[in-house]
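See structure below.
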């Protein structure tokens, strides 16, 4: 049944349609972060600062992205194929890099300092943010875009590379929100590499839930690490 659904969803896939969806996600996200963050918006170069307005700058824009996704996925009947992988990969060796990254993420979340000092509001705001980031980005890049890309390319590796490349480029507009452009160009490459790990998690586990969880935990480690550095220096 899942294979049949994938075939239905990829038969009408077009590059224009995939890029239109990608652009819609990007514009809703970046546009609302910029508008709702207002004058109190924290630069992306300083994410993790205790003064970050989580609700306005991140949670509301991410809920808007989730709404956008829900409308598109429901209208086009994409939900089933997004949640469930068509078949698990036979390349079991991928568990080695994936398992190493999962252990690194979980260990980092446990040992990173400062989260118990940051305050309840900060922890709730940041926790909600990383969970929503994990949901929305995985729904798009290891869900909708990957599945549509399978209708554009004959080879699975090409579809994975295409979806992962868009995942990297998705972070480039962070330069509009205060991150140095040179740093974001490096971030694009790093994020694309992470995207391949998240892709492997989907193929290994058979669903999108493992990459969502690990994505959220990794972002928590990164943001809390920034909090710890910022507050140590100040």
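The values are calculated or read from the model by the stated rules, or taken from the named source; none is laboratory data. Just so it is clear, the model here is predicted, and its values are computed rather than measured. Virtual Cβ from ideal backbone geometry, glycine too; neighbours counted across all protein chains shown.
Numbers for the structure displayed
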{"item": "Tally of residues being over 17 Å from the mean Cα position of the chain (by Cα) and part of a loop (DSSP other than H, G, I, E, B) across the range 146-205", "result": "9"}
{"item": "Residue list for the range 81-108, filter: touching a helix residue (DSSP H, G or I) at 6+ places or on another chain (Cβ under 8 Å), in a helix (DSSP H, G or I), surrounded by fewer than 16 Cβ atoms within 10 Å (Cβ to Cβ) and modelled with pLDDT under 90", "result": "106"}
{"item": "Filter pass, residue 195 being over 15 Å from residue 83 (Cα atoms), surrounded by fewer than 17 Cβ atoms within 10 Å (Cβ to Cβ) and in contact (Cβ under 8 Å) with a residue 24 or more places away in the chain", "result": "no"}
{"item": "Sole exception among (1) assigned to a loop (DSSP other than H, G, I, E, B); (2) crowded, with 23+ Cβ neighbours inside 10 Å for residue 129, by number", "result": "(1)"}
{"item": "Criterion: under 27 Å from residue 206 (Cβ atoms), out of contact with any strand residue (DSSP E or B) (no Cβ under 9 Å at 6 or more places or on another chain) and touching a residue at least 12 places away in the same chain (Cβ under 8 Å) - qualifying residue of 136, 74, 52", "result": "136"}
{"item": "Residue match in the range 225-232 (condition: modelled with pLDDT of 85 or more, touching a helix residue (DSSP H, G or I) at 6+ places or on another chain (Cβ under 7 Å) and outside any loop (DSSP other than H, G, I, E, B))", "result": "no"}
{"item": "Residue identified as modelled with pLDDT under 85 and more than 23 Å from residue 80 (Cβ to Cβ) among 31, 48", "result": "48"}
